[in-house]
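Trainee: Handing you a structure now.
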Amino acid sequence: MDPEYDLIVVGGGPAGSTAAAAVAMRGHRVLLLERETFPRYQIGESLLPATVHGLCGILGVADEVAEAGFTLKRGGTLRWGRDPKPWQFSFAMTPRLPEPTATAFQVERSRFDEILLRNAARVGAQVREGSTVRRVVAGDDERVRGVEYTDADGNTRTAHGRYVIDASGNTSRIHSGVGGTRVYSDFFRNLAVFGYFAGGRRLPEPNRGNIFCAAFDAGWLWYIPLRDDLTSVGAVISPENNPSVQRDPRATWQDMIRACPEVAELLDGVPVATEPPYDRVRVRKDWSYWKKSLWKPGMALVGDAACFVDPVLSSGVHLATYGALLAARAVNSALDGSVPEERGFAEFETRYRREYGVFYEFLIAFYDMERNDESYFWSAKKVTKVDSTEAAAFAELAGGLVSGDTVVLGAQWSAASAELDGAVGRLATADDRVNPLLSTRVVGETFRTGNDLQEQALYGGPLDDSRPADSDRLVASADGLGWDTRATGI
């Protein structure tokens with residue numbers, strides 16, 4: 001059967017809306033199927049500048065997001081490491097990210113996600129909410145050629161497409177068809193219990209809108225100012241707390257807040273939220289995982305359907321939308337014949353794995369910084385506790401990023417942690433022009449792609465790409481939506 005669509009996207013969150021919009025903007029036929037009806041609740045409320053000024057700029061929604069009234073975020077404030085006093089970093093402390101592009105937002109995801117979804121429809125994608133995908137449809141050659149879904153009226157339908165992108169999140173029903181089962185990280189095998197307060201004290205200016213992350217004996221807490229009358233608060237703790245969470249998640253959540261003086265003080269006398277959907281206490285387990293492969297002929301995985309890493313650096317939406325943009329580039333370039341399918345999707349997978357890998361490495365080093373050696377939680381979050389199996393799995397994940405020798409890899413992570421710790425120690429005496437954190441290898445690598453995305457949106461490409469030349473490497477087109485092969489000789 002001839003395909004009705006060039007691309008079918010499963011899931012309408014940031015990843016799905018990004019992929020759908022990026023392919024529709026090139027004039028292709030796109031169908032987006034979303035199980036729920038927007039607006040809908042979602043966690044992951046703290047964004048990075050790469051999403052706000054890079055991805056949203058490429059998709060044409062940067063102004064709409066800027067005008068939505070979200071809380072401005074200039075950086076992060078943390079009680080983490082050797083110094084008992086909180087420290088902060090600013091996105092603006094680098095010449096590559098001058099104001100106003102050195103900011104991000106704390107967002108109510110119901111509103112932010114709807115902006116992206118409606119934009120996908122505005123640029124030409126067919127968006128069908130209330131539509132649950134049941135399975136993929138494959139041909140005799142096992143290539144994915146469409147999906148079977150139940151529409152909003154309960155009817156079973158089949159849609160055929162040249163490509164399918166699964167962006168349906170961590171509860172995806174179809175991800176196992178690509179790369180088998182998920183590979184879970186034992187090092188980041190945490191539990192999160194989170195909810196909301198109807199207000200809360202704010203940090204002094206200019207850090208009023210910062211996310212505040214505070215380490216304490218049982219783990220760490222996030223504190224995100226969403227509105228003057230709404231604050232997101234979550235505890236990331238070990239799975240050993242699961243019995244108490246199952247018995248009474250709200251009581252466990254409140255106990256964890258009381259156990260962290262820095263956060264408890266900010267919430268003293270503040271009532272919990274009673275406004276739906278913020279009146280519930282929620283739980284999420286197994287934060288960090290990835291797949292052994294992210295695509296097969298006719299289908300790719302993006303967002304939480306593909307991978308997720310611990311939330312301390314607010315990387316979730318960035319990784320999801322960046323992966324979706326990479327997949328859209330592969331689809332667009334295959335559809336217009338400029339890059340062979342296998343080559344374009346190999347580029348998608350290589351870059352996506354690399355981006356996940358640099359965040360993963362950063363977070364191992366970041367956890368290792370915390371010096372609460374007497375805590376059960378923190379004693380397990382040391383580089384020395386990363387077993388050889390997980391280190392080998394990471395080496396396989398990251399490909400050429402690191403050596404496959406797990407001893408060498410452990411030494412690299414330890415060195416990154418020491419370098420990061422030293423940079424944090426220099427923050428207090430740094431001027432307002434250079435952030436010592438950015439002088440470290442691990443932080444520079446982590447934020448490099450985000451900087452490139454912002455410059456792609458502003459200038460049509462990175463201003464200063466100092467990475468070694470690679471004859472096999474594809475270059476993003478000026479609009480950021482496809483691959484430009486002129487520099488590669490393909």
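Trainee: Using a probe of 1.4 angstrom, how much of the accessible area of region 1-86 is carbon and sulfur, in percent?
Mentor: Numbers: 1420 of 3020 Å².
Exposed carbon and sulfur together represent 47 percent of the surface.
Trainee: Report the rotationally averaged projected area of region 286-416 based on its alpha-carbon convex hull, in square nanometres. All intermediate terms of the calculation are to be shown ahead of the outcome.
Mentor: On the way: hull surface 33.3 nm².
Answer in nm², one decimal: 8.3.
Trainee: If you don't mind, another one. Once you have the Cα-Cα distance between V475 and K85, take 0.36 nm times their residue separation minus that, and quote the gain in nm to one decimal. Could you put the intermediate results ahead of the total?
Mentor: Working: separation 390, 0.36 × 390 = 140.40 nm, distance 4.37 nm.
Full extension from V475 to K85 adds 136.0 nm.
Trainee: Based on the Kirkwood radius over alpha-carbon pairs, what value in µm²/s does the Stokes-Einstein equation return for the translational diffusion coefficient of region 97-235 at 4 °C and 1.567 mPa s?
Mentor: 67 µm²/s
Trainee: Taking only DSSP H segments of four or more residues, each worth -39500 (n - 2.57), what value at 222 nm results for the chain once the sum is divided by all its residues, to the nearest 500 deg cm²/dmol? All intermediate terms of the calculation are to be shown ahead of the outcome.
Mentor: Working: 13 runs with 160 residues, N = 490.
So the helix-based figure for the chain works out to -10000 deg cm²/dmol.
Trainee: Ranked from highest to lowest mean number of other Cβ atoms within 10 Å per residue, what is the order of the peptides 355-367, 280-292, 339-351? Please list the in-between numbers first.
Mentor: Working: 355-367: 24.0, 280-292: 17.5, 339-351: 19.4.
Taking the mean over residues of other Cβ atoms within 10 Å, the ranking is 355-367, 339-351, 280-292.
Trainee: Can I get the semi-axes of region 190-267's equivalent ellipsoid? Compute them from the C-alpha gyration tensor as square roots of 5 times the eigenvalues, in angstrom, largest first.
Mentor: Values: eigenvalues 104, 31, 18 Å².
Ellipsoid semi-axes (Å, largest first): 23, 12, 10.
Trainee: A further question on this structure: Taking all protein chains as present, what is the carbon and sulfur share of the accessible area of region 348-399, in % to the nearest whole number, probe 1.4 Å? All intermediate terms of the calculation are to be shown ahead of the outcome.
Mentor: Numbers: 930 of 1830 Å².
In region 348-399, the share of accessible area belonging to carbon and sulfur is 51 percent.
Trainee: For region 203-323, what are Rg and Dmax over the alpha carbons, in angstrom?
Mentor: Values for region 203-323 (Cα only, Rg and Dmax): 16.8, 56 Å.
Trainee: Per residue, how many Å² of accessible area does the chain show with a 1.4 Å probe?
Mentor: Details: 19390 Å² over 490 residues.
The answer is 40 Å² per residue.
Trainee: So what are region 147-223's ellipsoid semi-axes, whole angstrom, largest first, if each one is the square root of 5 times an eigenvalue of the alpha-carbon gyration tensor? Don't skip to the answer; put the middle values down first.
Mentor: Values: eigenvalues 316, 83, 33 Å².
In descending order the semi-axes read 40, 20, 13 Å.
Trainee: On the first, second and third principal axes, largest extent first, how far apart are the outermost C-alpha atoms of the chain in Å?
Mentor: 63, 52, 44
Trainee: For K381, list the lysines whose Cα falls under 22 Å from its own Cα; do not include residues on the same chain fewer than 8 positions away.
Mentor: Straight-line reach from K381, under 22 Å: K85, K285.
Trainee: Find how many whole Å separate the alpha carbon centroid of region 121-146 from the alpha carbon centroid of region 278-353.
Mentor: Value for the Cα centre distance between the two parts: 17 Å.
Trainee: Assuming 0.36 nm per residue, please report the length gained on full extension of the stretch V272 to D217 beyond their Cα-Cα distance. Present the calculation step by step, with values, prior to reporting the outcome.
Mentor: Numbers: separation 55, 0.36 × 55 = 19.80 nm, distance 2.34 nm.
Value of the extension gain: 17.5 nm.
Trainee: Among 108-119, 177-188, how do they line up from the highest to the lowest mean number of other beta-carbon atoms within 10 Å?
Mentor: On the way: 108-119: 20.7, 177-188: 17.7.
Highest-to-lowest ranking by the protection proxy: 108-119, 177-188.
Trainee: Right, something else. On the protein heavy atoms, probe 1.4 angstrom, tell me the percent of accessible surface of region 214-346 carried by carbon and sulfur. It would help to have the intermediate numbers written out before the result.
Mentor: Working: 2280 of 4540 Å².
Here carbon and sulfur together make up 50 percent of the probe-accessible area.
Trainee: If we sort 163-170, 214-221, 437-444 on the protection proxy, mean other Cβ atoms within 10 Å, highest first, what's the order?
Mentor: Details: 163-170: 27.5, 214-221: 22.6, 437-444: 18.5.
For the peptides 163-170, 214-221, 437-444, the packing ranking is 163-170, 214-221, 437-444.
Trainee: Quick check: residue separation of T429 and R157 times 0.36 nm, minus the Cα distance between them. What number comes out in nm?
Mentor: 91.7 nm
Trainee: Something else now. Please report, in cubic angstrom per residue, the volume enclosed by the convex hull of the alpha-carbon atoms of region 337-380.
Mentor: Details: hull volume 2.5 nm³, N = 44.
It comes to 56 Å³ per residue, whole-number rounded.
Trainee: Could you work out how far apart the two model spin labels at D229 and A264 are, taking each label as a point 7 Å from the Cα in the direction of the beta carbon, and quote it in nm?
Mentor: Simple spin-label model gives 2.8 nm for this pair.
Trainee: Oh, and also: Charges on Cβ only, +1 for Lys and Arg, -1 for Asp and Glu, centred on the Cα centroid of the chain; of I364, G425, N451, which one is farthest towards the dipole's positive end?
Mentor: I364
Trainee: If you project the alpha carbons of region 49-152 onto their three principal axes, what span does each projection cover, largest first, in Å?
Mentor: The Cα atoms of region 49-152 stretch 60, 34, 27 Å along their principal axes.
Trainee: Can you list the DSSP H helices in the chain whose Cα atoms extend at least 27 Å along the helix axis and whose mean Kyte-Doolittle hydropathy is -1.0 or higher?
Mentor: Numbers: long enough: 316-335 (28 Å, 0.98); 341-369 (42 Å, -0.59); 406-426 (30 Å, 0.47).
Those that pass (Cα extent of 27 Å or more, hydropathy at least -1.0) are 316-335, 341-369, 406-426.
Trainee: Might you work out the accessible area of E142 for me, using a 1.4 Å probe with all protein chains in place, and round it to the nearest 10 Å²?
Mentor: For E142, the solvent-accessible surface is approximately 130 Å².
The values are calculated or read from the model by the stated rules, or taken from the named source; none is laboratory data. All values derive from a computational prediction rather than experimental measurement. Don't worry about glycine lacking a Cβ; one is built from the backbone with ideal geometry, like all the others, and counts go over all protein chains shown. Only protein heavy atoms, including side chains, enter the accessible area calculation; ligands, DNA and RNA are left aside. Shrake-Rupley method; radii C 1.70, N 1.55, O 1.52, S 1.80 Å.
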